[in-house]
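Structure first, then comments.
The values are calculated or read from the model by the stated rules, or taken from the named source; none is laboratory data. For clarity, every value in this text was computed on a predicted model and none was experimentally measured. Methodologically, a virtual Cβ is constructed for each residue, glycine included, from the backbone with ideal geometry; neighbour enumeration extends over all protein chains shown.
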Amino acid sequence: MEQEYQRVWDECLGFIRDNLSGKEGEDAFTTWFKPIVPVKLEANTLTIQVPSQFFYEWLEENYAELLKDAIRLTLGPTACLQYSIVMDKSISDSPITTRIPSTGRQSTINRMKDVPMNQRSDNHDILNPFVIPGIQKIRINSQLSSAYTLNNFVEGECNRLARSAGYAVADRPGKTAFNPLMLHGGVGLGKTHLANAIGLQTKEFHPEMTVLYVTSEQFMQQYMDAGRNGTTSDFVHFYEMVDVLIVDDIQFWANRGARTQEAFFHIFNTLHQANKQIIITSDKAPSELQGLETRLNSRLKWGLAAELLPPDVETRMNILKQKMRNDGVEMPDDVIEYIAYNINTNVRELEGALISLMAQSSLNHRDITIDLARQMVDKFVKSTSREVTIDYIQKVVCDYFNIPIDSIQSRTRKREIVQARQLTMYFAKKLTKSSLAIIGLQCGNKDHATVLHACKTVANLADTDKQFRLWIDELEKKLKD
Ligand code: ADP
Ligand code: MG
């Protein structure tokens, strides 16, 4: 039975959606309203659960009026909204990323804290008495690369939160709840690109601001040099003069450079108190970053930790197309598809594959064909544990039966579609390491029992039906090719 609070919230959502227009509104709706979970309705007060403190602040800062209108329209003029904040969990475990089915994560809630609307915590707004107004700015080389822009950072489900938070930070550095903004994720998923792009965008919006990009390794080197030359206080002053500080790959400090971390900790505090923006990247979420000083680590949780996930196949396709546009290269569609479907590890490998394919073709004066792509992918990906993806299986099966690929996801019970879906599940079980639950999720949101049943059905038919056996053999050959 549907709960009353769910019904009320659904009605609010309807109103909110109607009042957020255009593509931007749609994105805002997905990013900021979909993750909200209604939890309670008592008297006139609806309690909604949000994933974190920053999330709550962001809603209050940007959508307080909209939320108020929505709730009053639904529950009457005396209605109240109360937030319940999920505490002490990094963003990667929050419902924001669990929306993405391929990660297979589950959200857990540790501790809850109720915050009444309009009672904002003020601990980000301490003023620093040591900042002298009007201090003369020196020119600092920002060390940003002009190649990594927001414009050419392709958007997808995998990076939507990080990208939109980055945009917000560039627009109002130091003035949003995203301070520090912590971008984390595996290698080659775009952390450096995005951090750099935020820096460039900031300079575009605010040419007067000093933006500085450093790797954590550079920072450490400079700190040690300064110590040797007796210029440590210059070093600290220099960093404290920056408006937007970007430190890349902070995991490098784990288990080393205790004094570097200490110096950074103080710089961090000074900047933060002066409402300067700090952007940090790391290959792990703050909660999983071991070997970092506790005080520093806890600072990292003050703002927003946004995860970059491996791109889905559609985003991979878009990235490839964009790189080709940039480089003025052309390639048959089936080649692009082949690469996008087969390289699913990270963007750097995707790019690597594209580049070596182009090199192969120009060095050997060969046309870029699917055969060449196949050879190259084999060579290229072998070293990185090549595995067929469920996406690719779906595509091969659907092409084979000449049915549209999204029919696998549909609810239809048409015989040919059911068969294709079952074959997809069968091959996914056989050729990938994915669990039954994950396979089910990706093949039309079925449960693990359905997948198990499909595997048995296919195995039975393979024994009894000659035509079916032939299909399986042919498909398997295509998949292993
Ligand atoms: P990381 O710092 O996370 O290891 P990088 O930022 O160096 O990853 O990204 C690796 C490569 O992939 C870079 O060339 C970058 O331009 C590219 N890349 C990553 N994500 C995207 C994206 N969303 N759109 C376009 N290019 C991307
Ligand atoms: Mg990097």
Next on the checklist: Of everything in the stretch 144-162, what is among the acidic types (Asp, Glu) and more than 19 Å from residue 178 (Cβ to Cβ)? Give them in sequence order.
Outcome noted: 157
Checklist outcome for this item: The residue that is surrounded by the fewest Cβ atoms within 10 Å (Cβ to Cβ), considering only those in the stretch 443-481 that are of a type in the set (Val, Ile, Thr) and more than 33 Å from the chain's Cα centre (by Cα), is 464
Checklist entry - In the stretch 329-364, how many are surrounded by fewer than 14 Cβ atoms within 10 Å (Cβ to Cβ) and in contact with a Pro (Cβ under 9 Å, 6 or more places away or on another chain)? => result 0
Checklist entry - Out of all the residues in the stretch 264-273, is one or more touching an Asp or Glu at 6+ places or on another chain (Cβ under 6 Å), outside the structural domain of residue 340 (by TED's automatic domain parsing) and either among the aromatic types (Phe, Trp, Tyr) or not in a helix (DSSP H, G or I) (or both)? => result no
Checklist entry - If you scan the stretch 229-249, which residues turn out to be assigned to a helix (DSSP H, G or I) and not aliphatic (A, V, I, L, M)? => result 229, 232, 233, 234, 235, 237, 238, 239, 240
Item to check | In the stretch 249-281, the residues that are within 16 Å of ligand 1 (Cβ to nearest atom) and touching a Lys or Arg at 6+ places or on another chain (Cβ under 7 Å) | outcome: 251, 281
Next on the checklist: Among the residues of the stretch 178-234, what is the count of those that are within 16 Å of ligand 1 (Cβ to nearest atom) and charged (D, E, K, R)?
Outcome noted: 2
Next on the checklist: Given the criterion at pLDDT 80 or above, surrounded by 11 or more Cβ atoms within 10 Å (Cβ to Cβ), under 21 Å from residue 213 (Cα atoms) and among the aliphatic types (A, V, I, L, M), identify the matching residue among 150, 161, 75.
Outcome noted: 150
Next on the checklist: Pull out all pairs, ordered by first then second residue, where Cβ-Cβ is under 8 Å, the residues are six or more apart or on different chains, the first lies in the stretch 5-27 and is touching a residue at least 24 places away in the same chain (Cβ under 8 Å), and the second is in a loop (DSSP other than H, G, I, E, B) and surrounded by 15 or more Cβ atoms within 10 Å (Cβ to Cβ).
Outcome noted: 9/36
Checklist entry - Does the stretch 410-419 hold any residues that are under 25 Å from residue 470 (Cα atoms) and either acidic (Asp, Glu) or under 31 Å from the mean Cα position of the chain (by Cα) (or both), and which are they? => result 416
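Test residue 252 against the stated conditions and say whether it is of a type in the set (A, V, I, L, M, F, W, C), assigned to a helix (DSSP H, G or I) and within 16 Å of ligand 2 (Cβ to nearest atom).
Details: of a type in the set (A, V, I, L, M, F, W, C): yes; assigned to a helix (DSSP H, G or I): yes; within 16 Å of ligand 2 (Cβ to nearest atom): yes.
Criteria met by residue 252.
Name the residues in the stretch 329-371 that are in a helix (DSSP H, G or I), more than 18 Å from residue 317 (Cα to Cα) and at pLDDT 85 or above, would you? Break it down stepwise before answering.
First, pick out the residues of the stretch 329-371 that are in a helix (DSSP H, G or I): 333-342, 347-363, 370-371.
Still in the list and also more than 18 Å from residue 317 (Cα to Cα): 359-363, 371.
Scanning the stretch 329-371 gives a single hit, 371.
Would you check if there is a residue in the stretch 223-242 being in contact with a Pro (Cβ under 8 Å, 6 or more places away or on another chain) and buried (at least 17 other Cβ atoms within 10 Å of the Cβ)?
Quick first cut of the stretch 223-242, residues in contact with a Pro (Cβ under 8 Å, 6 or more places away or on another chain) only: none.
Checking the stretch 223-242: not a single residue is in contact with a Pro (Cβ under 8 Å, 6 or more places away or on another chain) and buried (at least 17 other Cβ atoms within 10 Å of the Cβ).
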Checklist outcome for this item: Restricting the stretch 164-176 to residues that are touching a strand residue (DSSP E or B) at 6+ places or on another chain (Cβ under 7 Å) and over 20 Å from residue 347 (Cβ atoms), the one surrounded by the fewest Cβ atoms within 10 Å (Cβ to Cβ) turns out to be 174
Item to check | Which numbered condition residue 297 fails, given (1) in the same structural domain as residue 167 (by TED's automatic domain parsing); (2) touching a residue at least 12 places away in the same chain (Cβ under 8 Å); (3) under 24 Å from the mean Cα position of the chain (by Cα) | outcome: (2)
Checklist entry - Which of the residues belonging to the stretch 185-228 are touching a strand residue (DSSP E or B) at 6+ places or on another chain (Cβ under 6 Å), more than 16 Å from ligand 2 (Cβ to nearest atom) and in a helix (DSSP H, G or I)? => result 202, 203
